Amino acid sequence: MSRASLLSRITDYAHRADPYPLYEELRRTPVLHEEEGGPYVIGSYWDILHLLHDPRLSSDAANLTAGAAAGEPGGAEESNLPPSFIRLDPPEHDRLRRLANRSFGPPHSPHRIDSLRGELADIVSGLLDGLGNAERIDLVDQFAYPFPVTVICRLLGVPREDEPRFRSWVDPIVAALDPDPDGDETERRRVAADARIQLGTYLAGLVEERGREPRDDMLSQLVAGDGDDRMTTMEVLTTSVLLLIAGHETTVNLITNGMLTLLRHPEVLDRLRHDPGLAVNIVEELLRYEPPVHLVPQRTCVADIEVRGVTIPKGSRIWLVLASGNRDPERFPDPDRFDPDREDVEHLGLGSGIHSCFGAPLARLEAQIALSELARRLENPRLLEDPPPYRHNAVLRGPRHLHIAVDGVRP
């Protein structure tokens, strides 16, 4: 096949179920640049890692031309709000991320995520109990999709009686991130825009309420800020929506890709059933082997950058194919083998550098609890369709449905 067609094949839905042979082809060309004005595509582990730490690479969408921005595939954030910190550069990125991290983890809230362990387990148990005596389940719609929405609601401090309303707004917003060539795109975007307005209005009301009467939740801490440094109301809303959308998408794909991989490797699933502690290793290997985010397209050079003798000019777009780097044989021995006992698993599944996944501790814990409980409670689970139907999104790769037959659900 011609090299000029490689990028179009990588983004072509026809190859979504198994893009890894294309990534192997990509790595043979350290810097792929197929057409004038098109992106420079990087697929090797060490090159991606270095670029993720290179300050000459900007995440600020303002550095993209209008035409280039229109050509970017959908990512984890589309909103009528101003850009969140994942789409900004220092120093504004650093300020907003520091304020957000104050309420999310160390050093100011070191136990916030770990303290959710019991509540996460209860949410998982409730979802599995809700399956009843089903003999066939869709893991996405009945488990992996509702789980992170409920978690985000609890984390932000959304009252439990409002959770159904919250989810009714989230559903169309998340759906709009995924291209649907068979649907009415105009109508989908209209419905999503309406949902974003309603969600924004609702969150703005909660922010105002937490300003008057703080509680022990993330919204209250975002509103309180750090000394004299506080987020504006719009920054609090933008950060909340980022946590909601980006965190949700990562977790759904991580759990679904994880269960699909375990069902394809029944010996590992059986080990997990008898040893829940293995979930930590399994999740790290999954983040390498079948990561939830496959490529990062929103990067722009603010200066000339040389990669393996190729000069990428200032103003150029760069796509970093994280999932290709994770299967790079120059970094990982036998990279196409799923091995939860792999000792060296410093993957790119959650990014690296200043834009590494903000919600990584939560995503890891959610996946560990979810997969260990699925292994323990689903009796004789087996795939009904392999490969399953995948989402159309080239950035956020995961099955849209994962139909599984079971002999029952253990208590």
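Considering ARG376, ARG400, ARG391, which residue is over 22 Å from the mean Cα position of the chain (by Cα) and either closer than 23 Å to MET259 by Cα or open to solvent by less than 40 Å² (accessible area, probe 1.4 Å) (or both)?
Values: ARG400 fails: over 22 Å from the mean Cα position of the chain (by Cα); ARG391 fails: over 22 Å from the mean Cα position of the chain (by Cα).
Going through ARG376, ARG400, ARG391 in turn, just one is over 22 Å from the mean Cα position of the chain (by Cα) and either closer than 23 Å to MET259 by Cα or open to solvent by less than 40 Å² (accessible area, probe 1.4 Å) (or both): ARG376.
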Tally of residues being over 27 Å from the mean Cα position of the chain (by Cα) and at positive phi across segment 275-319: 2
I'm told GLU385 meets every condition in (1) among the charged types (D, E, K, R); (2) open to solvent by 60 Å² or more (accessible area, probe 1.4 Å); (3) part of a loop (DSSP other than H, G, I, E, B); (4) farther than 25 Å from ASP171 by Cβ except one. Can you identify the failing condition by its number? (4)
What are the residue pairs meeting all of these: first residue in segment 43-59, first residue assigned to a helix (DSSP H, G or I), second residue open to solvent by less than 10 Å² (accessible area, probe 1.4 Å) and of a type in the set (Phe, Trp, Tyr), Cβ atoms under 9 Å, and 6 or more apart or on different chains? TYR45/PHE332
What do you reckon, is ILE197 open to solvent by 30 Å² or more (accessible area, probe 1.4 Å) and more than 24 Å from ARG16 (Cβ to Cβ)? yes
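Is at least one residue of segment 224-232 aliphatic (A, V, I, L, M), in a helix (DSSP H, G or I) and within 25 Å of SER168 (Cβ to Cβ)? First the steps, then the outcome.
Keep residues of segment 224-232 that are aliphatic (A, V, I, L, M), which gives 224, 231.
Now restrict to residues that are in a helix (DSSP H, G or I): 224.
Now restrict to residues that are within 25 Å of SER168 (Cβ to Cβ): none.
No; the residues of segment 224-232 include none that is aliphatic (A, V, I, L, M), in a helix (DSSP H, G or I) and within 25 Å of SER168 (Cβ to Cβ).
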Residue among GLY38, GLY74 that alone is surrounded by 15 or more Cβ atoms within 10 Å (Cβ to Cβ), modelled with pLDDT under 60, among the small types (Gly, Ala, Ser) and part of a loop (DSSP other than H, G, I, E, B): GLY74
Among helices (runs of 4 or more DSSP H) lying entirely in segment 114-215, which contain 3 or more residues that are within 30 Å of GLU379 (Cα to Cα) and modelled with pLDDT of 85 or more? 117-129, 146-156
Among strands (runs of 3 or more DSSP E) completely within segment 283-353, the ones holding 2 or more residues that are open to solvent by less than 30 Å² (accessible area, probe 1.4 Å) and out of contact with any Phe, Trp or Tyr (no Cβ under 6 Å at 6 or more places or on another chain) are 296-301, 305-307, 317-320
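Looking at this structure, is VAL406 open to solvent by less than 20 Å² (accessible area, probe 1.4 Å), touching a strand residue (DSSP E or B) at 6+ places or on another chain (Cβ under 7 Å) and under 30 Å from ASP129 (Cα atoms)? It would help to see each step written out before you state the result.
On the way: open to solvent by less than 20 Å² (accessible area, probe 1.4 Å): yes; touching a strand residue (DSSP E or B) at 6+ places or on another chain (Cβ under 7 Å): yes; under 30 Å from ASP129 (Cα atoms): yes.
Criteria met by VAL406.
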Complete set of residues in segment 1-32 that are part of a loop (DSSP other than H, G, I, E, B) and farther than 18 Å from VAL302 by Cα: MET1, SER2, ASP12, ARG16, ALA17, ASP18, PRO19, ARG28, THR29, PRO30
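The values are calculated or read from the model by the stated rules, or taken from the named source; none is laboratory data. Note that the coordinates shown come from a computational prediction; the quantities given were computed from them, not determined experimentally. We place every Cβ from the backbone using ideal geometry, glycine too, and count neighbours over all the protein chains shown. Side chains included, ligands, DNA and RNA excluded: accessible areas come from the protein's heavy atoms. Shrake-Rupley method; radii C 1.70, N 1.55, O 1.52, S 1.80 Å.
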